[in-house]
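Trainee: The structure follows.
What follows is calculated from the coordinates using simple rules that are stated; it is not laboratory data. Treat the numbers as computed from the prediction; the structure is a model and nothing was measured. No Cβ is skipped: glycine too gets one built from the backbone with ideal geometry, and neighbour counts run over all protein chains shown.
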Amino acid sequence: MFDYKLLEALDMVLRCGSFDAAAKRLHLTPSAISQRIRQLEERHGEVLLRRENPLRATATGEKLLAHVRQVRSLEGELDEQLAQESTVSEWVTLRVGVNADSLALGLLSALAPLLAQQRLLLECVVDDEAYTLDLLRSGEVSGCISTQPNIVAGCGVLPLGSMEYIGVATPDFLAQYFALNWQTELQASDLAAAPAAVFGHKESLHRRLLRERWQLLEGQYPCHVIPDSNALYAAALAGFAYAVVPRAQAQADLASGLLCELPALAHSTPLFWHHWARQTRPAQLLSQALLGFAQTHFGHQL
């Protein structure tokens with residue numbers, strides 16, 4: 001049998017990032033938290049928490065975290081069922097991993113009717129779609145939008161379709177930094193001189209395209225690092241950088257002539273919705289709503 005007090009201590013330490021913060025959340029002393037982690041590791045005969053900066057769970061620790069978080073989710077569903085006779089049901093929180101571009105395209109607006117009708121609260125953990133699956137593996141989220149089709153143990157996966165990305169810049173920017181043939185090709189020398197707007201500090205699509213298509217490594221081109229999709233798009237619209245953005249985000253400004261498309265930077269990225277195999281009813285409804293959003297924005301075929 002699992003001792004859920006010990007598992008809760010492991011979960012809280014990783015959520016808070018330190019023993020002291022976890023102790024405050026659980027109204028315990030840091031030494032008590034440390035003792036619970038030690039007891040848990042002794043029971044399983046191995047290290048479950050890597051004492052690094054930041055703290056990280058080992059492979060076995062991640063499995064235990066995934067278990068306790070799924071149990072907590074099922075307990076929440078049971079509480080909801082028991083409260084159905086009440087006049088007002090409790091709010092249910094779903095913690096999900098989402099990519100910034102989906103948020104920029106209106107994911108929350110698409111989910112709004114479901115959230116209001118079912119009294120759902122979203123806790124969004126935002127990361128690049130190439131990294132969100134790590135959140136699911138660790139049990140930190142109950143579902144995530146990812147570029148990876150690989151099925152995680154104990155989880156299911158649904159194809160969402162593909163998000164089409166394009167390069168965009170203002171006409172004045174193109175005239176200043178790119179040769180006249182930018183509509184058909186881009187030269188590495190031009191890209192090495194033109195300021196780019198790239199997403200975050202991790203390996204992003206824009207960085208990968210420059211490396212794979214033009215052999216340009218980070219540091220060989222000027223770039224603004226912007227950790228927000230809407231702000232990234234605004235940088236291109238303001239005319240001080242070019243950017244790689246979802247086509248759907250740029251459609252109106254392309255049609256009006258405020259932005260121009262750089263065809264050489266076009267790329268299509270498949271997306272998938274990963275979720276715990278044992279979904280609560282609210283989680284099932286969220287998956288269905290996500291498929292509806294994907295049908296509109298990613299070309300998903302139901």
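Trainee: Give me the one-decimal nm value for the distance between modelled label points at Asp3 and Trp91, 7 Å along each residue's Cα-to-Cβ direction.
Mentor: Simple spin-label model gives 3.4 nm for this pair.
Trainee: Moving on. Given the options Lys24, Lys63, Lys202, which has the most mean-square fluctuation in a GNM of the chain, springs set between C-alpha atoms less than 10 angstrom apart?
Mentor: Lys24
Trainee: Determine, for each peptide in 269-281, 29-41, 215-227, the mean count of other beta carbons within 10 angstrom over its residues, then list the peptides with the highest first.
Mentor: 269-281, 29-41, 215-227
Trainee: Turning to a different aspect of this structure: Go through [x] 41, 24, 16; [y] 34, 22, 20; [z] 46, 24, 15 and flag the label whose value is the computed semi-axes √(5λ) of the Cα gyration tensor in Å for this structure.
Mentor: Computing semi-axes √(5λ) of the Cα gyration tensor in Å and matching it to [x] 41, 24, 16; [y] 34, 22, 20; [z] 46, 24, 15 gives [x].
Trainee: Please check which bits of region 123-157 a label hung off Glu52 would reach, taking the label as a point 7 Å along Cα-to-C-beta and the cut-off as backbone N under 16 Å.
Mentor: The answer is 134-135, 138.
Trainee: Quote the charge dipole size of the chain about the Cα centre in Debye, to the nearest 20; the model charges only the Cβ of Lys and Arg (+1) and of Asp and Glu (-1).
Mentor: Its charge dipole is roughly 620 debye.
Trainee: Right, another one. Hey, what do the phi angles of region 160-177 turn into as Karplus ³J(HN,Hα) couplings, whole Hz, using 6.51/-1.76/1.60 and θ = phi - 60°, x for Gly and Pro?
Mentor: Running phi through 6.51 cos²θ - 1.76 cosθ + 1.60 with θ = phi - 60° gives 9, x, 10, 9, 8, 10, 9, x, 9, 7, 6, x, 5, 5, 4, 5, 7, 10 Hz.
Trainee: Further, regarding this structure: To the nearest Å, what is the center-to-center distance of region 108-165 and region 198-274, using C-alpha atoms only?
Mentor: Taking the Cα centre of region 198-274 as reference, the centre of region 108-165 is 22 Å away.
Trainee: Go through 253-260, 55-62 and give me the packing order, highest mean Cβ count within 10 Å leading.
Mentor: Ranked by mean Cβ neighbours within 10 Å, highest first: 55-62, 253-260.
Trainee: Do you know the relative contact order of the chain, to the nearest whole percent, from alpha carbon pairs under 8 angstrom that are 6+ apart?
Mentor: Computed value for the chain: 21 percent relative contact order.
Trainee: In deg cm²/dmol and to the nearest 500, what is the mean residue ellipticity at 222 nm of the chain if only DSSP H runs of at least 4 residues count, each as -39500 (n - 2.57), divided by the residue total?
Mentor: It lands at -14000 deg cm²/dmol.
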